[in-house]
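Below is one structure, written out as structure tokens; the observations come after it.
The values are calculated or read from the model by the stated rules, or taken from the named source; none is laboratory data. Here the structure is a predicted model, which means the values were calculated and not measured. Heads up, the Cβs are rebuilt from the backbone with ideal geometry, glycines too, and the neighbour counts pull from every protein chain shown. Surface areas here come from the heavy atoms of the whole protein model, side chains and all, with no ligands, DNA or RNA. Shrake-Rupley method; radii C 1.70, N 1.55, O 1.52, S 1.80 Å.
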Amino acid sequence: AGYKFFSTLDEIKEDADFNDAFMSATYSSRYMERELEYGNAILSRLPFASTRTIFTRGEYIRNFDVKKDDGNIRNLQIATIEINGKSLHILNHHGHRIAGTKAGDDETMRQMRLIASEVREMEGPVIMCGDFNLAPDSESLGLINKELTNLSIENNLQRTYSQLSEVYNVSDYIFVNGPVKVRSFKMSDELVSDHKALIMEFDL
């Protein structure tokens, strides 16, 4: 059946041996009598103590119509995991896309201000990751760079897109704050999508 071309979150969770999964859908559509949701997910082998979703642009749309609905719906995932008495905050974001540029605009500035304000309110270790659709030197991303250490910049990454993409720049990031002790950081050359995977090992 055609719907089997889509990997479900449950299948990915099981095949990759994760115990917990947190999905934040941005919209859904119908395909072959099934409702398919699109969005971001965080998977973990440790249980989530809490999860929440903040929409940074737009709101969830059911029965998304590609001809009339705005596909630039964006959200911020926040998951907290308790490790040895410490609350680790994991943030995941897929940034607003502007055709032809990663420089950002007034709308990306508004969204990054919202995310930066959330980060400032957090106590304890913070890790944030995602495709922000922003260049390392963009003014919008600078709002986040002031709050957290940008490992993609620190490690001088030049391109985070794979050979499946014609884009030749950096828009994927892992950010950390002081309590997160980075043991290693690398970009994988294995082909997993049009973006390359960023991998970090850390201590708390």
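Kindly indicate which of 48, 64, 18 is under 30 Å from residue 203 (Cβ atoms), touching a Phe, Trp or Tyr at 6+ places or on another chain (Cβ under 9 Å) and assigned to a loop (DSSP other than H, G, I, E, B). Can you show your working first?
Values: 64 fails: under 30 Å from residue 203 (Cβ atoms); 18 fails: touching a Phe, Trp or Tyr at 6+ places or on another chain (Cβ under 9 Å).
Exactly one residue qualifies, and that residue is 48.
Against the conditions (1) out of contact with any Pro (no Cβ under 8 Å at 6 or more places or on another chain); (2) closer than 16 Å to residue 126 by Cβ; (3) free of Cβ contacts under 8 Å to residues at least 40 places away in the same chain; (4) not acidic (Asp, Glu), where does residue 155 fall short? Just the number, please.
Among (1) out of contact with any Pro (no Cβ under 8 Å at 6 or more places or on another chain); (2) closer than 16 Å to residue 126 by Cβ; (3) free of Cβ contacts under 8 Å to residues at least 40 places away in the same chain; (4) not acidic (Asp, Glu), the lone unmet condition for residue 155 is (2).
So is residue 97 in contact with a Ser or Thr (Cβ under 9 Å, 6 or more places away or on another chain) and open to solvent by 50 Å² or more (accessible area, probe 1.4 Å) or not?
no
Restricting to region 120-141, name every residue that is acidic (Asp, Glu) and either closer than 14 Å to residue 77 by Cβ or buried (at least 21 other Cβ atoms within 10 Å of the Cβ) (or both). Break it down stepwise before answering.
Let us first name the residues in region 120-141 that are acidic (Asp, Glu), namely 121, 123, 131, 137, 139.
Within region 120-141, 131 is the sole residue that qualifies.
If I filter region 129-141 for residues that are over 26 Å from residue 83 (Cα atoms), in a helix (DSSP H, G or I) and of a type outside the set (S, T, N, Q), do I get at least one hit?
Yes, there is a match, as at least one residue in region 129-141 is over 26 Å from residue 83 (Cα atoms), in a helix (DSSP H, G or I) and of a type outside the set (S, T, N, Q).
Is it the case that region 76-91 has a residue that's within 21 Å of residue 195 (Cβ to Cβ), open to solvent by 20 Å² or more (accessible area, probe 1.4 Å) and assigned to a loop (DSSP other than H, G, I, E, B)?
No, region 76-91 has no match at all.
Please pick out the residue among 166, 123 that is of a type in the set (D, E, K, R) and either in contact (Cβ under 8 Å) with a residue 40 or more places away in the chain or under 18 Å from residue 91 (Cβ atoms) (or both).
On the way: 166 fails: either in contact (Cβ under 8 Å) with a residue 40 or more places away in the chain or under 18 Å from residue 91 (Cβ atoms) (or both).
Every option except 123 fails the conditions.
Looking for whichever is in contact with a Ser or Thr (Cβ under 6 Å, 6 or more places away or on another chain), modelled with pLDDT of 90 or more and open to solvent by less than 60 Å² (accessible area, probe 1.4 Å) here; the options are 170, 180. Which one fits? Please lay out each step first, then the result.
On the way: 180 fails: in contact with a Ser or Thr (Cβ under 6 Å, 6 or more places away or on another chain).
That would be 170, the only listed residue that is in contact with a Ser or Thr (Cβ under 6 Å, 6 or more places away or on another chain), modelled with pLDDT of 90 or more and open to solvent by less than 60 Å² (accessible area, probe 1.4 Å).
Only one of these is assigned to a loop (DSSP other than H, G, I, E, B), among the small types (Gly, Ala, Ser) and either under 25 Å from residue 24 (Cβ atoms) or touching a strand residue (DSSP E or B) at 6+ places or on another chain (Cβ under 6 Å) (or both): 184, 117, 152, 165. Name it. Full working, then the answer.
Numbers: 184 fails: assigned to a loop (DSSP other than H, G, I, E, B); 117 fails: assigned to a loop (DSSP other than H, G, I, E, B); 152 fails: assigned to a loop (DSSP other than H, G, I, E, B).
Exactly one residue qualifies, and that residue is 165.
Has region 51-59 got any residue that is over 23 Å from residue 174 (Cβ atoms), of a type outside the set (Phe, Trp, Tyr) and open to solvent by 60 Å² or more (accessible area, probe 1.4 Å)?
Scanning region 51-59 turns up at least one residue that is over 23 Å from residue 174 (Cβ atoms), of a type outside the set (Phe, Trp, Tyr) and open to solvent by 60 Å² or more (accessible area, probe 1.4 Å).
I'm checking my understanding of the structure. Among residues of region 106-118 that are open to solvent by 10 Å² or more (accessible area, probe 1.4 Å) and in contact (Cβ under 8 Å) with a residue 24 or more places away in the chain, which one is nearest to residue 178 (Cα to Cα)?
So the first thing to find is which residues in region 106-118 are open to solvent by 10 Å² or more (accessible area, probe 1.4 Å), and the list is 106-107, 109-110, 113-114, 117-118.
Then keep just the ones that are in contact (Cβ under 8 Å) with a residue 24 or more places away in the chain; that gives 107, 109, 113-114, 118.
Values: 107: 29, 109: 24, 113: 20, 114: 21, 118: 16 Å.
Looking at residues that are open to solvent by 10 Å² or more (accessible area, probe 1.4 Å) and in contact (Cβ under 8 Å) with a residue 24 or more places away in the chain, I get 118.
Residue under question is residue 84, and the condition is that it be modelled with pLDDT under 95, touching a His at 6+ places or on another chain (Cβ under 9 Å) and over 15 Å from residue 176 (Cα atoms); does it hold? Give the derivation first.
Working: modelled with pLDDT under 95: yes; touching a His at 6+ places or on another chain (Cβ under 9 Å): no; over 15 Å from residue 176 (Cα atoms): yes.
Here the answer is no, as residue 84 does not meet what is asked.
Is there a residue in region 133-141 that is at pLDDT 95 or above, among the polar types (S, T, N, Q) and on the phi < 0 side of the Ramachandran plot?
Here is the first cut: in region 133-141, the residues at pLDDT 95 or above are 133-141.
Next cut, among the polar types (S, T, N, Q) only: 133, 138, 140.
Right, trim to on the phi < 0 side of the Ramachandran plot and you get 138, 140.
Within region 133-141, one or more residues are at pLDDT 95 or above, among the polar types (S, T, N, Q) and on the phi < 0 side of the Ramachandran plot.
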